[in-house]
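Enquirer: A single structure is presented below for examination.
The values are calculated or read from the model by the stated rules, or taken from the named source; none is laboratory data. Remember, it's a predicted structure, so these values are computed and weren't measured experimentally. A quick note on method: Cβ atoms are made from the backbone with ideal geometry, for glycine too, and the neighbour counts reach across all protein chains shown.
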Amino acid sequence: MRMTNSLNFAGVFPGQGSQYPGMCSKLLSENAKLAEVFKMVSSVLGIDLREMMEKGIMKELTKSKNAQPLVLTASYVLFSALKDMALGNFKVLVGHSLGELSAFVVAGGIGIEEAVLFARRRGEIMDEAQQKGFGHAGIVLDVTAEQLEKAVKLAVGYGYVTISGYNSPRQYIVAGTKKGLSKLDEYVSEWNGHYIPFRMMPMKMDAPYHSPLMEPLREAIASELENLHFNDLKIPVFSTVTASVLTSAVQIKEALLNQITSPVLWTQALEGAGHSFGLDFFVDIGPNIISKNLIDENPSLKECLYWEGKYEGDENLIFSASRAQKKVRTASNF
């Protein structure tokens, strides 16, 4: 039997869209040390993040300038609490879009104070893509990557369209012009797939994030990155920008810049992490269970546990202190 602390985890962090009113409230009410993190971050930003999180309406939480520092800070405190439980070793981290920034922060690559300021500005800059009408986005379901890539090649003759995210073997994000996306919808339907525009989905910003259509904002992101200090990572991050392992300070800066115009290689990064690090579990470090749901759609990946800062007595609990111990011990019996 292996000892509990010999088990290997991959921590996975969600991106924008995982936020919701009241996230982390129970954890913060029970852990004064972590509540202080929200106070510190609020002081740095000049806004009360905790009050926004607990009392804000969804319309305000959906704005990128609010969602991004909120999700980053929530991820930071959730990881801190989970690490204190000492249930195993985090061998690698993976983050979806904004979640990659969270991964860099908890791995020691960027200080939380600088990171939340960058997240706020990153959100403001990305909001410009919708305000200025750079393009549109949506989700494609129930086709293979090969089918979607073929559909994109056919549709691009009618208007620009590209795959901006590989979320799972059956779920993808696409970005482009109205004409390009409309034609893509037709081709996807021929394979019994489904295209849903982001304008029809709550919590989603209808903008062509992670695509070349974001190029006009690249310089602004580059300018903000000059305000950050980078350190080598204490835990490797399997990047969803490069689909490779990052460890150095220089790589962090490059990834955060290239994120803006590059597709989110979530599936590729998860599979790479699983193959490279001998994992026992993925752990979705909330808020929400978006990462877990996507991992569950990929049969080639290890089981994904879920942590959102809740302890005993909470409904729908998957990864509490005692139940995680039970799962870990069960997995150790071989």
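Enquirer: Please find, among Ala81, Ala103, Ala115, Ala35, the residue that is surrounded by fewer than 20 Cβ atoms within 10 Å (Cβ to Cβ) and either touching a residue at least 12 places away in the same chain (Cβ under 8 Å) or assigned to a loop (DSSP other than H, G, I, E, B) (or both).
Expert: Matching residue, one of Ala81, Ala103, Ala115, Ala35: Ala35.
Enquirer: Can you name the residue in the range 218-233 that is touching a Leu at 6+ places or on another chain (Cβ under 9 Å), not charged (D, E, K, R) and not in a loop (DSSP other than H, G, I, E, B) and, of all such residues, is surrounded by the fewest Cβ atoms within 10 Å (Cβ to Cβ)?
Expert: Ala222
Enquirer: With respect to the numbered conditions (1) in contact with a Gly (Cβ under 9 Å, 6 or more places away or on another chain); (2) acidic (Asp, Glu); (3) closer than 25 Å to Val94 by Cα, which one is the sole condition not fulfilled by Asp185?
Expert: Going through the list (1) in contact with a Gly (Cβ under 9 Å, 6 or more places away or on another chain); (2) acidic (Asp, Glu); (3) closer than 25 Å to Val94 by Cα, Asp185 breaks only (3).
Enquirer: Quick one: which of Val283, Val241, Val264, Val250 is in the same structural domain as Leu98 (by TED's automatic domain parsing), touching a strand residue (DSSP E or B) at 6+ places or on another chain (Cβ under 7 Å) and at pLDDT 95 or above?
Expert: Only one candidate passes the filter, namely Val264.
Enquirer: When the residues of the range 1-32 are narrowed to those that are more than 20 Å from the chain's Cα centre (by Cα) and assigned to a loop (DSSP other than H, G, I, E, B), which ends up modelled with the lowest pLDDT?
Expert: Met1
Enquirer: Tell me which residues, restricted to the range 38-51, are of a type in the set (A, V, I, L, M, F, W, C) and either free of Cβ contacts under 8 Å to residues at least 60 places away in the same chain or closer than 21 Å to Leu82 by Cβ (or both).
Expert: Matches in the range 38-51: Phe38, Met40, Val41, Ile47, Leu49.
Enquirer: Next question, about the same structure. Does Glu54 fit the bill of being in a helix (DSSP H, G or I) and without any contact (Cβ under 8 Å) to a residue 60 or more places away in the chain?
Expert: yes
Enquirer: Shifting gears a bit: In the range 257-278, what residues are surrounded by fewer than 20 Cβ atoms within 10 Å (Cβ to Cβ), in contact (Cβ under 8 Å) with a residue 60 or more places away in the chain and outside any helix (DSSP H, G or I)?
Expert: Within the range 257-278, just Gly278 meets the criteria.
Enquirer: Further question: Residues in the range 118-137 that are over 16 Å from Thr261 (Cα atoms) and either buried (at least 22 other Cβ atoms within 10 Å of the Cβ) or of a type in the set (Phe, Trp, Tyr) (or both): how many?
Expert: So the answer is 3.
Enquirer: Within the range 57-78, restricting attention to residues that are in a helix (DSSP H, G or I) and among the charged types (D, E, K, R), which residue is surrounded by the fewest Cβ atoms within 10 Å (Cβ to Cβ)?
Expert: Ranking the candidates gives Lys59 first.
Enquirer: Let me ask another. Looking only at residues in the range 268-309 that are within 13 Å of the chain's Cα centre (by Cα) and among the small types (Gly, Ala, Ser), which one is nearest to Gly22 (Cα to Cα)?
Expert: It comes out as Gly286.
Enquirer: Of all residues in the range 123-145, how many are within 24 Å of Phe238 (Cα to Cα), modelled with pLDDT under 95 and not small (Gly, Ala, Ser)?
Expert: 1
Enquirer: Against the condition under 15 Å from Leu93 (Cβ atoms), among the basic types (Lys, Arg) and more than 16 Å from the chain's Cα centre (by Cα), how does Lys234 come out, does it pass?
Expert: Criteria met by Lys234.
Enquirer: I would also like to ask the following. Is it the case that Leu154 is on the phi < 0 side of the Ramachandran plot and touching a Gly at 6+ places or on another chain (Cβ under 8 Å)?
Expert: no
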